[in-house]
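A.B. asks: Structure incoming, see below.
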Amino acid sequence: MHTAMQQIINGLSLGSIYALLALGYTMVYGIIKLINFAHGDVYMLGAFWGYFIINKYHVDFIVALLSAMIVTAFAGMLIEYLAYRPLRNSPRITALITAIGVSYFLENGMSYLFGANTRNFPQVVQQHNYTAFGISISNIQLLILVTAIILMVLLQLIIQKTKMGTAMRAVAVDQEAAALVGINPDHVISFTFGLGSALAGAAGVLIGLYYNSIDPLMGMTPGIKAFVAAVVGGIGSVPGAAIGGFLIGLLETGVQAIGLSAYKDAAVYVVLILILIVLPAGLLGKNVKEKV
Amino acid sequence: MTKKKLQANSLWLLVMIIGFVVINLLVYVGVIDSFIENMLVTIGINIILATGLNLIIGFSGQFSLGHAGFMAIGAYATGIILQTVPTVGGFIGSIIVGIVIAIIAAIIVGVPTLRLSGDYLAIATMGAAEIIRVVINNMKITNGAAGLFNIPQFATWPVVYALVCVTTIVIVNFAHSRAGRAIQAIRDDEIAAEAVGVNPTKWKLAAFVLGAATAAIGGSLHASYIQTIAPSDFGIMNSIALLIIVVLGGVGSMTGTFLAAIVLGVLDTVLQSFGTLRMVIYAVALIVIMVFKPSGLLGRYEFSFARVLNRHKKEDAA
Amino acid sequence: MSSLLQVEHVSKIFGGLKAVEDVSLHVEEGELVALIGPNGAGKTTLFNALTGVSPATEGTVTFNGVSLDKKKPYQVAKMGIARTFQNIRLFHQLSVRENLQAAMTHRYKEDFVSSILRLPTFTKKEALVNGWTDEILAKLDLSAVGDTITANLPYGTQRRVEIARAVASDPKLIFLDEPAAGMNPEETADLTALIRRLQSEFGLTVVLIEHDMSLVMNLAERIYVLEHGKLIAEGTPAEIQNNDAVITAYLGGGVHA
């Protein structure tokens, strides 16, 4: 029982990272139907920014987190402007390949500039472990969970309560109709990229604290896992992405806990395929039937 | 009409033979050294893999991201069998075993997932390929994550060349037959295709299975040429590398797939000397080509001797 | 009881909404029947139920003596029911020829080996298929555009190709879903002649949904009127024009007959 609870806590910490990343995937996909392959690399940029600013200016966690979010938001908007906007009316598979190109560019560009080696993330928050009822939880785990939940609540408020959020939902449903009622889709798409990338940047700083190590290729695997989480949750659905993220995090730690860590990735994909077979649009996705 | 087709087919045969003779000659006089030969073989294997993927994506319209999984099956079949039976017969047998297992795997993967559409299918096939890779990674017979070494080399360049010709003929002829019309109809409009009597499940699966079988051949050749394989050679990034060839050449154009495989193969070789910068340049080149040529190098253009002959005929008549 | 198409007590329910309610109708071999009704009356839903695209919730459909229950759309097509769509659905990247030939795949067999090796059996089959194609293209005045990619054709021609494709699947019965939608008067006149020829020359049974009342009254031998998912009238054009229920249903929209 204790181990199970312990694993749930570990799974939730990891899951909140996936959830933050999955939100970016799901928002971008919801609005322009693009699997933004470079999203995991934006998360890597966030981690590197955190590393840089903490080491250089000795800022605290909050400043590192917020500045990383701002930097990655701009990076995301810049990527959208340069690489994706010219392809707005091209086949979707072309945009996908471009996204892969951007991903290669960021990974290898960072390796070229700063070296491909792994580096230690500065421990800006001293780790403490709290133990209660035989379950141990670190302040960093709590920090990750709390930060992730605050950001998700904020995101939900932005999407549901602000004018920009309404515009985002409108563009996601019908870009042309949104344009007809005076919404500039380019602004909205740019904002969406900014928002999603900011969450990825935050996730990058959080993972740096959690795992204590970063490298230019760190975004690849979590990026793909987070996309899987978004698909499991129902791509385009914001609460779905959060649920999917936590689910994948729990699943991974669970499989690891029962001694099958070699199969943890396979387990994630088995669950993915099973869910898609039963619910082709994911847990909370809308299954739209084509009208004949 | 039939005579024209016979002429066109003879011309293609001639091209294949001339290509072989020319490469042979260049090897003989030393223009093609082992470095360039390596490049040519890599291009050949990529052509085998990418034409099969183009059949699935460009002709049947099913977005598969799991091609490396089927390639892995072929590679490991050859790697394992050649270690116990290091003969030509063993090599041929291993290719066949690889094809058979890949077909079975493709049916197991395809039946449930081919009902999914678009990106959902992509992510599901990607997951399936990863499952295959994880299984290989954890088996004894495959030597786990370390992989297999010292696989005897039977896949010399003439073997690869011959198999490029064979698989291309199979795929192109498949695409230009009753089956090809059925899968292209499904690609353009599945509901309409079904309304004229095309069974979507059956034909999508047929294209998927054929693509998987050729991927297994590519994997077998890869294993026996490189002589070393490990599960990490067949990951998501390898599936994506093949996807890039297909999209860069032009989705639905086999000529484009050939061209893109050659262009990327040469680019890769030329950029070898750039070290870390190589992948940065490669990435920029990819983005630039996609932004300025969104439908790929050749779009949907297909080179055809039959059409060239027809055009000449018309010009003569005029 | 020997009707070609026998529809009995068919209902189609979406969630709580009854889009089609307890519809029974029959179509005799060689007949030209129209199905009319105001927008949203359930006409296309009924077509979709009859062709297996979106099966009926209740009721039975028998075609040529065989039940269509649980038949998939491609199986229905193989049994001899073809259809066109309200919003044209062509194989837009394929040429007109290829569109027609894609509709013929169930009419012949071609095995993998002979098509890969281009064996004589393959060549013979292809010649046969090309023959069928040429014949339909010629009969429907499409020979000139045979090699054109259908996406590049004008709207009226696309409608014609869609009908040609339905014919290519060698049906007994053909459903036409608003074939005259978006056509100018000239094109409509051509279409009227074409639909007549489907019946007379190709020996097909035709069921059509249409809003153009002059076309319907002109062509149909018998008319069914659907309103709010229910059948409210059946009869010859003359009977329908004088039917009080029909006139009420169309009031506001007005029957321009």
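A.B. asks: Note down the magnitude of the dipole of the protein assembly as shown about its Cα centre, charges +1 on Lys and Arg C-beta and -1 on Asp and Glu C-beta and zero elsewhere, to the nearest 20 debye.
C.D. replies: Its charge dipole is roughly 1280 debye.
A.B. asks: Return the Rg/Rh value of chain C, two decimal places, where both radii are evaluated on C-alpha atoms and Rh is the Kirkwood radius.
C.D. replies: 0.99
A.B. asks: Please list, ordered by chain and number, the residues whose modelled amide H lies under 5 Å from the amide H of C:Leu35; skip anything fewer than 5 residues away on the same chain.
C.D. replies: C:Leu208, C:Ile209, C:Glu210, C:Tyr224
A.B. asks: Summing -39500 (n - 2.57) over the DSSP H runs of n ≥ 4 in chain B and dividing by its residue number, what mean residue ellipticity at 222 nm do you reach, to the nearest 500 deg cm²/dmol?
C.D. replies: -25000 deg cm²/dmol
A.B. asks: Can you tell me what the convex hull of the Cα atoms of the stretch B:96-239 projects to on average, as an area in nm²?
C.D. replies: Averaging across all directions leaves 9.3 nm² for the Cα convex hull.
A.B. asks: Quick one: net charge of C:Lys172's neighbours, Cβ under 13 Å, K/R +1, D/E -1?
C.D. replies: Every neighbour counted, the sum reads -2.
A.B. asks: For the charge dipole of the protein assembly as shown, defined by +1 on Lys and Arg C-beta atoms and -1 on Asp and Glu C-beta atoms about the Cα centroid, which residue among A:Ala47, B:Asn310, A:Ala170 has the Cα displaced farthest towards the positive pole?
C.D. replies: With unit charges placed on the Cβ atoms, the residue in question is A:Ala47.
A.B. asks: With the Cα gyration tensor of the protein assembly as shown in hand, give its eigenvalues times 5 under a square root as the equivalent ellipsoid semi-axes, listed largest first in whole angstrom.
C.D. replies: They are 50, 38, 24 Å, listed largest first.
A.B. asks: Something else about it: Compare the Cα positions of B:Leu13, B:Asn38, A:Gly109 along the charge dipole of the protein assembly as shown (+1 at Cβ of Lys, Arg; -1 at Cβ of Asp, Glu; about the Cα centre) and return the one farthest towards the positive end.
C.D. replies: Going by the charge dipole, the pick is B:Asn38.
A.B. asks: Which entries of B:Lys202/B:Lys293; A:Lys33/A:Lys291; C:Lys12/C:Lys71 have Cα-Cα distances beyond 25 Å here?
C.D. replies: From the list (B:Lys202/B:Lys293; A:Lys33/A:Lys291; C:Lys12/C:Lys71), the Cα-Cα distance tops 25 Å for B:Lys202/B:Lys293.
A.B. asks: Taking amide hydrogens as modeled 1.01 Å from N in the peptide plane, which residues meet the under 5 Å criterion relative to C:His26, leaving out close sequence neighbours?
C.D. replies: Amide H neighbours of C:His26, under 5 Å, 5+ apart: C:Val7.
A.B. asks: Okay, next question. Quick one, could you list the DSSP H helices from chain A stretching 30 Å or more along their long axis (Cα atoms) with average Kyte-Doolittle hydropathy of 0.0 or above?
C.D. replies: A:2-32, A:92-114, A:139-161, A:185-211
A.B. asks: From the P(r) of the stretch A:204-256, could you give the percentage of C-alpha pairs in the tail past 15 Å?
C.D. replies: Considering the stretch A:204-256, 54 percent of its Cα-Cα pairs are separated by more than 15 Å.
A.B. asks: Accessible surface of A:His128 in the full protein assembly, 1.4 angstrom probe, to the nearest 10 Å²?
C.D. replies: 100 Å²
A.B. asks: To continue, here is another question. Quick one: if you take sqrt(5λ) for each eigenvalue of the C-alpha gyration tensor of the stretch C:164-257, what semi-axes come out, biggest first, whole angstrom?
C.D. replies: Semi-axis lengths for the stretch C:164-257 are 25, 15, 12 Å.
A.B. asks: Also: Would you list, by chain and number, the aspartates and glutamates whose Cα falls below 17 Å from the Cα of C:Lys72, excluding same-chain residues fewer than 8 positions away?
C.D. replies: Excluding near neighbours in sequence, the set is A:Glu290, B:Asp189, B:Glu190, B:Glu194, C:Glu58.
A.B. asks: Please give the solvent-accessible surface of A:Ile9 in Å², to the nearest 10, using a probe radius of 1.4 Å with every protein chain present.
C.D. replies: Number for this one is 30 Å².
A.B. asks: Same structure again: How big is the stretch B:86-128 on each of its three principal axes, counting only the C-alpha atoms and giving the largest first in Å?
C.D. replies: Projected onto its principal axes, the Cα set of the stretch B:86-128 covers 43, 15, 12 Å.
A.B. asks: Using just the Cα positions, wrap the stretch A:2-217 in a convex hull and report its mean projected area in square nanometres, one decimal place.
C.D. replies: Averaging across all directions leaves 13.1 nm² for the Cα convex hull.
A.B. asks: Can you give the net charge of the other residues whose Cβ lies under 14 Å from the Cβ of C:Ala245, counting K and R as +1 and D and E as -1?
C.D. replies: Once positives and negatives cancel, what remains is -3.
A.B. asks: Cut-off 10 angstrom, C-alpha nodes, Gaussian network model of chain B. Which of B:Ala192, B:Ala261, B:Ala182 fluctuates the most?
C.D. replies: Top of the fluctuation ranking is B:Ala192.
A.B. asks: Sticking with this structure for a sec: Which of the aspartates and glutamates could be linked to A:Lys225 by a straight reach, that is with a Cα gap under 16 Å, when you skip same-chain ones fewer than 8 residues away?
C.D. replies: In chain and number order, the partners are A:Asp41, A:Glu252, A:Asp265, B:Asp119, B:Glu130.
A.B. asks: Taking a cut-off of 21 Å between Cα atoms, list the lysines near C:Lys139, but don't count ones fewer than 8 places away on the same chain.
C.D. replies: C:Lys172
A.B. asks: Taking every pair of alpha-carbon atoms in chain B, what share in percent sits in each 10 Å bin, from 0 to the bin with the longest distance?
C.D. replies: Binned Cα distances yield the sequence 6, 25, 34, 25, 9, 2, 0.
The values are calculated or read from the model by the stated rules, or taken from the named source; none is laboratory data. As the structure is a prediction and not an experimental result, all values here were calculated from the model. For neighbour counting, all protein chains shown are included, and Cβ atoms are generated from backbone atoms with ideal geometry for every residue, glycine included. Remember, those area values only see protein heavy atoms, side chains included, never the ligands or the DNA or RNA. Shrake-Rupley method; radii C 1.70, N 1.55, O 1.52, S 1.80 Å.
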